[in-house]
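This report concerns only the one structure given below.
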Amino acid sequence: MASSPTHRRAAQPEKGLQPPRQPALALDDLAEGFPGDLTPHDRCDGLRFADVDLAGRDLTGTTIAECELTGCDLHETRLDLSRILETRIVRANAPVLKAARSTWHEARIESSRLGAVELYEAELDTFAITRSKLSFVNLRGATLKDVTLTDCVIDELDLSQATAERIAFRDCRIDTLLLHGARLQHVDLTGADLHTIGGLDSARGIVVSSEQLLDLAPVMAAHLGIIVSD
């Protein structure tokens, strides 16, 4: 695969590349929230949850709008079919987070440690993750639009069968990126250290730097069946 990566800064946007739109998120005058305020198939608005234990809670179909969750335990919290709207999650801990077919609109995740994140067939719209560590992120079949990841370390990111438009990685490291069957537009990888990439048949729509292209040359040659002589 690629040679040992070097640290890269995000490059200036290429001509014609459309960067993600990320409007500011203002959360003011929030009331104190308690675990009992969050229930399945219900709606929660305008609350701040600090250091609450939501591990193992079933919040299927919950709508969380204009809230902030700080220092919360989300291990094996079920957020399948949930809607996370105009909400910030800070310093969350979740070795396993289950959020299949969920919707994240104008949401932020910051300074968090997430392990296996199930977001398959989810919808991420105007969404950002910053200063976080993620192990395995399953976005198979998901729809992503205006998504930014900044200063993140990701062991494996699976975008197979996903539809993604205006995505940017800034000062990130991605050990494995899977693109099998993805439909991509304006996906800016110039700010990422890439170790392994799979699904090159579906790489149309990504933007890489000239340095990254050299790093990826052995993988591209192997994919095309090209033998490189020493």
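Just a few scattered comments:
- Checked across segment 206-216, the condition of being outside any helix (DSSP H, G or I) and in contact with a strand residue (DSSP E or B) (Cβ under 6 Å, 6 or more places away or on another chain) holds for at least one residue.
- Segment 93-122, residues that are open to solvent by 30 Å² or more (accessible area, probe 1.4 Å) and assigned to a loop (DSSP other than H, G, I, E, B): Arg101, Ser111, Tyr120, Glu121
- The number of residues in segment 123-136 that are among the polar types (S, T, N, Q) and surrounded by fewer than 16 Cβ atoms within 10 Å (Cβ to Cβ) comes to 0.
- From the options Gly199, Gly191, residue that is touching a Cys at 6+ places or on another chain (Cβ under 8 Å) and of a type in the set (Gly, Ala, Ser): Gly191
- Filter result (surrounded by fewer than 23 Cβ atoms within 10 Å (Cβ to Cβ) and more than 19 Å from Thr103 (Cα to Cα)) within segment 153-171: Val153, Asp155, Glu156, Arg170, Asp171
- Looking only at segment 55-80, and only at residues there that are under 13 Å from Ala100 (Cβ atoms) and β-branched (Val, Ile, Thr), the one that is surrounded by the most Cβ atoms within 10 Å (Cβ to Cβ): Thr77
For every residue, the table says whether it meets (1) of a type outside the set (S, T, N, Q); (2) touching a Pro at 6+ places or on another chain (Cβ under 9 Å); (3) at pLDDT 95 or above.
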| residue | (1), (2), (3) |
| --- | --- |
| Asp51 | yes, no, yes |
| Leu54 | yes, yes, yes |
| Leu59 | yes, yes, yes |
| Thr70 | no, no, yes |
| Leu79 | yes, no, yes |
| Glu86 | yes, no, yes |
| Ala92 | yes, no, yes |
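- Residue, most open to solvent (accessible area, probe 1.4 Å), within segment 81-92, restricted to residues that are free of Cβ contacts under 8 Å to residues at least 40 places away in the same chain and within 17 Å of Cys152 (Cα to Cα): Arg91
- You will find that of Thr143, Thr126, the residue that is among the β-branched types (Val, Ile, Thr) and at positive phi is Thr126 and no other.
- Residue list for segment 143-175, restricted to those being in a loop (DSSP other than H, G, I, E, B) and in contact (Cβ under 8 Å) with a residue 60 or more places away in the chain: Asp171
- Flag for Arg170 being closer than 20 Å to Ser111 by Cβ, among the charged types (D, E, K, R) and in contact with a strand residue (DSSP E or B) (Cβ under 6 Å, 6 or more places away or on another chain): yes
- Matching residues, segment 35-82, being in a strand (DSSP E or B) and of a type in the set (A, V, I, L, M): Leu47, Ala50, Ile64, Ala65, Leu69
Here's the yes/no breakdown for (1) among the basic types (Lys, Arg); (2) farther than 23 Å from Leu189 by Cβ:
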residue: Arg88; (1), (2): yes, yes
residue: Pro95; (1), (2): no, yes
residue: Thr103; (1), (2): no, yes
residue: Ser112; (1), (2): no, no
residue: Ala122; (1), (2): no, no
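The values are calculated or read from the model by the stated rules, or taken from the named source; none is laboratory data. This is a predicted model, so every value here is computed, not measured. Using ideal geometry, Cβ is built from the backbone for each residue, glycine included, and neighbour counts are taken over all protein chains shown. Heads up: the accessible areas ignore ligands, DNA and RNA and are worked out on the full protein's heavy atoms, side chains in. Shrake-Rupley method; radii C 1.70, N 1.55, O 1.52, S 1.80 Å.
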